[in-house]
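Here's the structure, in structure tokens; my notes come after.
Every number here is computed from the coordinates shown, using simple stated rules; none is lab data. Predicted model only: the values in this text are computed from it and were never measured. FYI the Cβ positions are ideal-geometry reconstructions off the backbone, even for glycines, and counts take in every protein chain you see.
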Amino acid sequence: MEHATHQLPGLMTRTEADLREIFLRQVESIPAGERIKRCIQCGTCTGSCPVSYAMDISPRQLIALFRAGELETIMRSRSIWICASCYACTTRCPSGIKITDVIYALKRTVMEKGYESKAPQVQVLAKLFVDNLMSYGRLHEGTLIRKYYMKTGIFKLFGFIPLVKKMYETKRLALFPKRIKEHRSLSRIVKKAQEIEMRHVPEKSEYLPEFVGYRGLGVMKLESRKGE
Amino acid sequence: MTVRYAYYPGCSLEKTQRGYDESVREVFKALEQELVEIDDWNCCGATMYMSVKETVSLAVSARNLALAEKMGLEILAPCSSCFTTLSKTNRILKEIPEMHRDVNEALAEGGLSYSGKVRVRHPLDILMNDIGLETVRARFQRNLNGLKIAPYYGCQIVRPDKTFDDRENPMLLDRLFGACGGDVVYFPMKVRCCGGMLMTTFEETALKLNKELLECALNNHADVMVTTCPLCHFNLEAYQGKINNFYKTTYNVPIMYFTQLLGIALGLPAKSLGLDSSFIPLGGKINSLAEAHYA
């Protein structure tokens, strides 16, 4: 695991402070998001996760690293992209932490900061999914899968021929995407929502060296019990 | 009693998973419930979207809720992913007022607004909790004759929030098919994740997850696995050949939507339930049940 170099022991670097700010903003938009403070490091999340065996950083470690001021290490991991959001960890966490949503918040932090991910194919799929939705208003699976494999490995596409044939035979193949009628109105909604989203992004953050650990969490709303 | 629902089929049910769409419509018709498709619904954004932009994904999903609100009906969403996404949007808007305000500001651009009052329902919930097992049981035409059924609930209808069944050991499918004369087998992996979109992004991981599910069903002698989710269905059915190639196995487990099997029990014609859209032959037992109807 790479460690960010600190200027002083226990102090966050500029990058880390920036990341923490973005991440905490994302966490605040989760109902009961502040419960991330209550993690007791029991590992129930990792034990419940059906894909933790394939992760380089386990769900429990994600929270430990965040507290320790190592968000940057998380940004470069492939773990968060393997999460299939099955919510097994979230339902079992004895501290009521919404781990799946925390992972979503981490994903959005990576996207916002533009980090290069160790699993770029996930971002490719996410971007194509969004494009697909924007163009038609509904998802056209055929277009999505075709474009995805054209970007990530065109030869795999040939492997789909038998499946496509079967789908055609069972009348399950939609050849062309269909656009919703009020497509323009949907685009306007999306454009507005993007504008609103940007409002919450501060133009420039001020860097005040801060200690890692719980102290940096002080800015969050304390222990509201909503959502329980 | 006839109840009307705002039907939200979702993108997969439009074509690739027509078996689910057709069987939901038929079963609800047989039980005298009216489904009115939401006019011009859009994709809910599914799980992918949440990882990109939050306000945008909530607004996209809330457009459907706003459309249903205009109809004054509860939403019926058979796809587990749509069900969770729409429910989650509801919950976030309810708990974070600033977000609700932001989303409404965006919706206003499309001439819509949403108060937050629409309930999002899954067909299994309506069948068991509104219509009730007794009423459904009274309509049974055909005994499932001890057909061995592995009930696979998947993740998103029981998690993350406590919805309409237990999160660790849901029982509604077990009770429903037990009442039809089916033999619901022990299936400890009933809520284990199938990997969802991982089949595209981390194929090996997803193949392993699905292999374990099929293995568990077979070890418990299931004739068929019933699902409630188009993505689980697709992963388990369309990728079964790939799993066999990868793990050198010979699985040939039929995968059905719970509404398809319920339709058979209700004596509905096989064709109207989209059974002809299955990739894996449904096997003698199910076929004879479905065909016996014509005799």
When chain A is treated as a Gaussian network with springs between alpha carbons less than 10 Å apart, the largest mean-square fluctuation among A:LEU19, A:LEU71, A:LEU11 is found at A:LEU11
Equivalent ellipsoid semi-axes - Cα gyration tensor, segment B:34-174, angstrom
32, 17, 12
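Report the longest stretch of chain B that contains none of the GluC sites (Glu not before Pro) sitting in a DSSP loop with at most 13 other Cβ atoms within 10 Å.
B:33-167
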Counting only residues 5 or more places away or on other chains, whose amide H sits under 5 Å from the amide H of B:GLU74 once H atoms are built in the peptide plane?
B:ALA6
HN-Hα couplings for segment A:189-197 via Karplus (6.51, -1.76, 1.60; θ = phi - 60°), in whole Hz with x for Gly/Pro, come out as 4, 5, 4, 4, 4, 5, 4, 4, 4
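Using the Kirkwood formula over every pair of different C-alpha atoms, what hydrodynamic radius in Å results for segment B:47-106?
For segment B:47-106, the Kirkwood estimate is 11.8 Å.
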I need the phi-derived Karplus couplings for segment B:157-170: 6.51 cos²θ - 1.76 cosθ + 1.60, θ = phi - 60°, integer Hz, Gly and Pro marked x.
8, 9, 10, x, 8, 5, 9, 10, 8, 5, 7, 9, 9, x
How large is the convex hull of the Cα atoms of segment A:120-197 per residue, expressed in Å³ as a whole number?
92 Å³
Beyond 14 Å, how much of the Cα-Cα pair distribution for segment B:166-222 remains, as a whole percent?
61 percent
Can you tell me the FRET efficiency between B:GLU95 and B:TYR186 if r is taken as the Cβ-Cβ distance and R0 is 35 Å, rounded to the nearest 0.05?
0.40
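Could you state the per residue volume, in Å³, of the convex hull enclosing the Cα atoms of chain B? Working shown, then result.
On the way: hull volume 35.3 nm³, N = 295.
Given the Cα convex hull of chain B, per-residue volume reads 120 Å³.
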Note on chain A: contact order normalised by length, alpha-carbon pairs under 8 Å, 6 or more apart, percent, works out to 28 percent
Cleavage-rule hits (trypsin sites (Lys or Arg not before Pro)) in segment B:128-179: DSSP loop, at most 13 neighbouring Cβ within 10 angstrom:
B:LYS162
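Taking every pair of alpha-carbon atoms in chain A, give the share separated by more than 22 Å as a whole percent.
Numbers: 15946 of 25878 pairs.
Counting every Cα pair in chain A, those more than 22 Å apart make up 62 percent.
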Computed, not fitted: 222 nm per-residue ellipticity of the protein assembly as shown from DSSP H runs ≥ 4 (each -39500 (n - 2.57)), nearest 500, equal to -14000 deg cm²/dmol
What residues have an amide H closer than 5 Å to that of B:PHE187, excluding those fewer than 5 places away on the same chain, when H is modeled at 1.01 Å from N in the peptide plane?
none
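Send over the Kirkwood Rh of segment B:125-191, from the inverse of the averaged 1/r over different Cα pairs, rounded to one decimal Å.
Values: mean 1/r = 0.0793 Å⁻¹.
Roughly 12.6 Å, rounded to one decimal.
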Largest to smallest principal axis extent of the C-alpha atoms in segment B:76-139, angstrom
48, 23, 19
Could you give the C-alpha radius of gyration of segment A:68-129 expressed as a fraction of 2.2 N^0.38 Å, taking N as the number of residues it contains?
1.17
Using a 10 angstrom cutoff on alpha carbons, build the Gaussian network for chain A and name the most mobile of A:GLU116, A:GLU195, A:GLU72.
A:GLU195
Computed from every Cα-Cα pair in segment B:143-291, P(r) in 5 Å bins starting at 0 and rounded to whole percents is 2, 10, 20, 23, 21, 14, 8, 2, 0
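Which length gain, in nm to one decimal place, applies between A:VAL164 and A:LYS151 when the Cα-Cα distance is subtracted from 0.36 nm times their residue separation?
Numbers: separation 13, 0.36 × 13 = 4.68 nm, distance 1.91 nm.
2.8 nm is the gain from fully extending A:VAL164 to A:LYS151.
Quick check for me: using +1 on Lys/Arg Cβ and -1 on Asp/Glu Cβ, what's the dipole size of segment B:4-121 about its Cα centre, in debye to the nearest 20?
Details: 15 positive and 17 negative charges, 53 e Å.
That gives a dipole near 260 debye.
Rounded to the nearest 0.05, what FRET efficiency is calculated for B:ASN287 and B:PHE140 with R0 set to 22 Å and r the Cβ-Cβ distance? Don't skip to the answer; put the middle values down first.
Values: r = 19 Å, r/R0 = 0.86.
Efficiency computed from Cβ-Cβ geometry: 0.70.
What relative contact order, as a whole-number percentage, does chain B give when Cα pairs under 8 Å and 6 or more residues apart are counted? Don't jump to the answer; show the numbers that get you there.
Working: 478 pairs, mean separation 58.1, N = 295.
Answer for chain B is 20 percent.
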I want to verify a result. In a Gaussian network model of chain A, Cα cutoff 10 Å, which of these has the top mean-square fluctuation: A:GLY43, A:GLY33, A:GLY159?
A:GLY159
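When 1/r is averaged over all different Cα pairs and the result inverted, which Kirkwood radius in Å belongs to the protein assembly as shown? Working shown, then result.
Working: mean 1/r = 0.0418 Å⁻¹.
After inverting the pairwise mean of 1/r, the radius is 23.9 Å.
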Over 29 Å (Cα to Cα) among A:LYS127/A:LYS192; A:LYS181/B:LYS242; A:LYS151/B:LYS271; A:LYS118/B:LYS190; B:LYS117/B:LYS271; A:LYS165/B:LYS148 -> A:LYS181/B:LYS242; A:LYS151/B:LYS271; A:LYS118/B:LYS190; B:LYS117/B:LYS271; A:LYS165/B:LYS148
With a cap of 16 neighbouring Cβ atoms within 10 Å, and only residues DSSP puts in a loop, list the trypsin sites (Lys or Arg not before Pro) found in segment B:198-295.
B:LYS248
